[in-house]
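Colleague: Sharing a structure with you now.
The values are calculated or read from the model by the stated rules, or taken from the named source; none is laboratory data. Treat the numbers as computed from the prediction; the structure is a model and nothing was measured. All Cβ positions, even for glycine, are placed from backbone atoms using ideal geometry, and neighbour counts span all protein chains on display. Accessible surface areas use protein heavy atoms only, side chains included; no ligands, DNA or RNA. Shrake-Rupley method; radii C 1.70, N 1.55, O 1.52, S 1.80 Å.
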Amino acid sequence: MPARVDHAVTSGTFSLDGETFEVENNVWVIGDDAECVVIDAPHDLDAILAVVANRTVRAIVCTHAHDDHVRVAPELRRAVGAPILLHPEDRPLWELTHPDELWDVDLHDGQELTVAGTVLRVLHTPGHAPGAVCLYVEELGCVFTGDTLFRGGPGATGRSWSDPARILDSIRERLFTLPPETVVHTGHGEDTTIGAEQIRLDA
């Protein structure tokens, strides 16, 4: 049986450049009944553990290091004994939230992670953050985009360590090359598809 995708929404805050906002974040968990990978660790440890249930967590993969995506990652690591994976270019952002402890494994473009016999391919998609990544799961016909691509367009680029030209390049060169029917599971808000967002962006 292939892996499945489970989902929860957690509420909390996002802080950067001296401002704080209330936000709701998606938590995505990929796996089967025995093992899973958690994508992002925002706000609420108990809510994440409820989705994990009694499964073995193989990895905690961070799409980027804004505080609303990594705030409880070290707590989750201690609770489940799994490594935290993050692209090293996001170290300055990580250290704003966790100055005294680092992640465990560097992510890199093209890297493949396997859980429940299903491959997650890492796509480095800088722009929203320098170390932002997406995770493409061809077998499930979906991609987890963090804050790189949303229903309605690219992620925000108006804050420190972001780059509006770079995020557009990332989306066009890394995401819009995926099949148009690919489901986009985002870091905030509703799902979309690659094809729908390509039409919107190129309109």
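Colleague: Open to solvent by less than 10 Å² (accessible area, probe 1.4 Å) and not aliphatic (A, V, I, L, M), is that true of ASP17?
Modeller: no
Colleague: Collect the residues in region 17-61 that are part of a loop (DSSP other than H, G, I, E, B) and in contact (Cβ under 8 Å) with a residue 60 or more places away in the chain, keeping them in residue-number order. Write out each step before concluding.
Modeller: So in region 17-61, the residues part of a loop (DSSP other than H, G, I, E, B) come out as 17-18, 32-34, 40-44, 53-55.
Across region 17-61, the qualifying residues are ASP17, ASP32, ALA34, ASP40.
Colleague: Okay, next question. Out of all the residues in region 148-203, which are acidic (Asp, Glu) and either open to solvent by less than 50 Å² (accessible area, probe 1.4 Å) or in contact with a Phe, Trp or Tyr (Cβ under 6 Å, 6 or more places away or on another chain) (or both)?
Modeller: Applying the first criterion (acidic (Asp, Glu)) to region 148-203 yields 163, 169, 173, 181, 190-191, 197, 202.
Answer for region 148-203, where residues must be acidic (Asp, Glu) and either open to solvent by less than 50 Å² (accessible area, probe 1.4 Å) or in contact with a Phe, Trp or Tyr (Cβ under 6 Å, 6 or more places away or on another chain) (or both): just GLU197.
Colleague: Please state which one of PRO88, PRO92, PRO99 is closer than 19 Å to ASP147 by Cβ, surrounded by fewer than 18 Cβ atoms within 10 Å (Cβ to Cβ) and out of contact with any strand residue (DSSP E or B) (no Cβ under 6 Å at 6 or more places or on another chain).
Modeller: Working: PRO88 fails: out of contact with any strand residue (DSSP E or B) (no Cβ under 6 Å at 6 or more places or on another chain); PRO99 fails: closer than 19 Å to ASP147 by Cβ.
It is PRO92.
Colleague: Looking only at region 58-85, count every residue that is open to solvent by 60 Å² or more (accessible area, probe 1.4 Å) and either touching an Asp or Glu at 6+ places or on another chain (Cβ under 8 Å) or of a type in the set (Ser, Thr, Tyr) (or both) and tell me the total.
Modeller: Counting residues in region 58-85 that are open to solvent by 60 Å² or more (accessible area, probe 1.4 Å) and either touching an Asp or Glu at 6+ places or on another chain (Cβ under 8 Å) or of a type in the set (Ser, Thr, Tyr) (or both) gives 1.
Colleague: Could you tell me whether VAL9 is open to solvent by less than 60 Å² (accessible area, probe 1.4 Å) and touching a strand residue (DSSP E or B) at 6+ places or on another chain (Cβ under 9 Å)?
Modeller: So VAL9 fails the test.
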